[in-house]
């Protein structure tokens, strides 16, 4: 694989306790089909996870100039849409990354980011 991309899944905030077993099974089936489509295209899923809702997250402002780090409740509490999951893909080029991201299951939208190669910076 020549390139890596992060696929961010952006959807309305949700409460996992309100998701029925049938809804969860259907969602997981869709993600299984996505993984199969990636493999069939000759690309690879290098990682990924579903994320807990923003109510479980913490925003951290790192310590600066001797000040202590600041911890506050979830990021972007005013946002209606949040990142609910992600995949890291290994693909041959940007065209393949876009093609695969376009079939990632979501009730919202996808944001696609190329991973920065930092090896040359060291």
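All of the numbers you see were taken from the coordinates with simple rules; none came from a lab. Keep in mind that this is a model prediction, so the values were computed, not measured. No Cβ is skipped: glycine too gets one built from the backbone with ideal geometry, and neighbour counts run over all protein chains shown.
The figures follow:
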{"read-out": "Kirkwood Rh, angstrom, the chain [1 / mean 1/r, Cα pairs]", "value": "16.3"}
{"read-out": "Helical contribution to [θ] at 222 nm, DSSP H n ≥ 4, -39,500 (n - 2.57), averaged over the chain, rounded to 500", "value": "-7500 deg cm²/dmol"}
{"read-out": "Within a Gaussian network of the chain (alpha carbon springs, distance under 10 Å), most fluctuating of 25, 55, 17", "value": "17"}
{"read-out": "Residue order, fewest to most surrounding Cβ atoms within 10 angstrom, among 80, 92", "value": "80, 92"}
{"read-out": "Computed label-point distance, nm, for sites residue 63 and residue 46 using a 7 Å Cα→Cβ extension", "value": "3.3"}
{"read-out": "Difference of contour (0.36 nm per residue) and Cα-Cα distance, residue 80 to residue 26", "value": "17.1 nm"}
{"read-out": "Sorted by Cβ density within 10 Å, fewest first, the residues 56, 118", "value": "118, 56"}
